Amino acid sequence: MARREASFICQNCGAVYGRWQGKCDACGEWNTIAEENAASARPQMPGRAPRKGRAFALEALAGATHDAPRLASRIAEFDRVTGGGFVRGSVLLLGGDPGIGKSTLLIQVAATLARAKQRAVYISGEEAVAQVRLRAERLGLAGAQVELAAETSIEDIVATLGEGETPRLVIIDSIQTMWTDLVESAPGTVTQVRASAQALIRFAKRSGTAIILVGHVTKDGQIAGPRVVEHMVDAVLSFEGEGSQQFRILRAAKNRFGPTDEIGVFEMTGGGLREIANPSELFLSERDLGSPGTAVFAGIEGSRPLLVEIQALVAPSSLGTPRRAVNGWDQNRLSMVLAVLEAHCGVRLSGHDVYLNVAGGLRIQEPAADLAAAAALVSSLAGSSLPADAVYFGEISLSGAVRPVAQTASRLKEAQKLGFARAILPDAGRAEGTGEAGLSLQSVGSLASLVADIAAQGKTHDRRQPSDGRREKSDDRTPATDARGRKADAG
Ligand code: TYD
Ligand code: MG
């Protein structure tokens, strides 16, 4: 007799408990634990003896693959992130906030493939066929031969897809709305999502169809439910953007068949998502030239150089614990840079609120941004603007030294292409990049020398605003290490 044991599963992280509790010990979320039937999660009929295994043939690793292993979507920014297109039989999970443009992106991908005479199927569990059609019409894609359905039953979907010519791409929008007969839990629960994904993955591997699963993201940025699916799929992509900004960035968090550090940049327009082939131009297009507190960072995203503006605001604080707010960069990295500024450069920030923002809604992960962030911070504190034609990059170590970073040459080339005249870079980077004509290179060995430079430029500003409220704290803004700074500068 099959025993039906109920178990309680956290809908956020998939942790299993013997009884209900309010808070999940594993992920710390409240009210995410729901009762699900564990016995039915196993795809066996109750009372039937377990099936005896069937022997299968093992194959050599060095076998020949017949078909072209990848199917390019022909949307270059999308292919860049997947690593050159969809691998046959692979399953991708695309996560993103509601309304960010996942459905828009995928209907565009499906339409481009269909135009290239590849069979593409779009299955929506959220919208009616008429709604999907309406959107495609608005995007000017109504003529594409995409096959549509509004379905949520996995068994029906797999049966339908198994008929006729095998589709090259199937889009399931979204995995949370799908359900399979194999388990009893409600759609959207961990068990359902996992079982549905498993059935689709099995179909993909068997047929060679590439499948994209859409997954919603919860308020704290996790792909809800499908977090338990992340390890089952071949690639996890996320589609991000600020609500108020038109830029959308596609990233890979995991990719079995490609890189994870590439980004694809899109712009949401009235006619759908438009590819941005040269993101630097976009991120620098609305620059606030000549105001203190902004520095241009010459970064690298994947294989592509990317210039982006870093904005800082350092203002006297009325709070006991001053604010440190950061947007688009790592909070810990900011704390580290602030600590190095205090400890090694004599810049006292403990009485100031600090705000740091990466323009355009971009998220930077490179440590190479340290130098640009520090320059922006010091520039804001000193009230002295940085040269508008300069780019900054370099990693700052805890000792206050500026460390070299990779790919100096391509950073400089991008800066030159966009009309910048000088680069402030680490000492060792100079040798690597000297080949680049046209940019004047200024290497800094220590953060203290950069601070001294900026303060020296700001001297004129200081004299011009004598009765500013911040003037009383003049010791705050004059680096105590002028002498040391100059020395380092000369060396
Ligand atoms: P959608 O693809 O439905 O988002 P998701 O599937 O991630 O929930 O995108 C919805 C948003 O995109 C909506 O706020 C309107 C906007 N949008 C445009 O700005 N232009 C367009 O051409 C389309 C189709 C949508
Ligand atoms: Mg959608």
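Points worth noting:
- Ranking of Arg287, Arg88, Arg248 by count of other Cβ atoms within 10 Å, fewest first: Arg287, Arg88, Arg248
- The trypsin sites (Lys or Arg not before Pro) found in the stretch 173-221 that occupy coil by DSSP, while having at most 11 further C-beta atoms within 10 Å, are Lys219.
- Alpha-carbon centroids, the stretch 237-274 and the stretch 51-117: separation in whole Å: 17
- Note on the stretch 347-457: along the principal axes its Cα atoms extend 44, 31, 28 Å, ordered by decreasing extent.
- Scalar couplings 3J(HN,Hα) for the stretch 309-322, obtained by applying the Karplus form with A = 6.51, B = -1.76, C = 1.60 to θ = phi - 60°, are 8, 10, 10, 10, 10, 10, 9, x, 9, 9, 8, x, 10, x Hz; x denotes Gly and Pro.
- Rounded to the nearest 0.05, the FRET efficiency derived from the C-beta distance between Arg287 and Thr160 at R0 = 45 Å is 0.30.
- Nitroxide proxy distance, nm - points 7 Å out along Cα→Cβ at Ala60 and Asn31: 6.1
- Taking amide H atoms as placed 1.01 Å from N in the peptide plane, the amide H of Gly95 lies under 5 Å from those of Gly215, Leu237, Ser238, Phe239, each 5 or more residues away in sequence or on another chain.
- Order of Ser335, Ser124, Ser244, Ser410 - criterion: other Cβ atoms within 10 Å of each residue's Cβ, fewest first: Ser244, Ser335, Ser410, Ser124
- Sorted by Cβ density within 10 Å, fewest first, the residues Asp370, Asp234: Asp234, Asp370
- Viscosity 1.306 mPa s, 10 °C: Kirkwood-radius Stokes-Einstein D of the stretch 95-148 over Cα pairs, µm²/s: 141
- Where GluC sites (Glu not before Pro) fall in DSSP loop in the stretch 104-185, at most 11 other Cβ within 10 Å: Glu163, Glu165
Taken together, the values in this text are just the output of simple stated rules run on the coordinates, not laboratory data. Treat the numbers as computed from the prediction; the structure is a model and nothing was measured. No Cβ is skipped: glycine too gets one built from the backbone with ideal geometry, and neighbour counts run over all protein chains shown.
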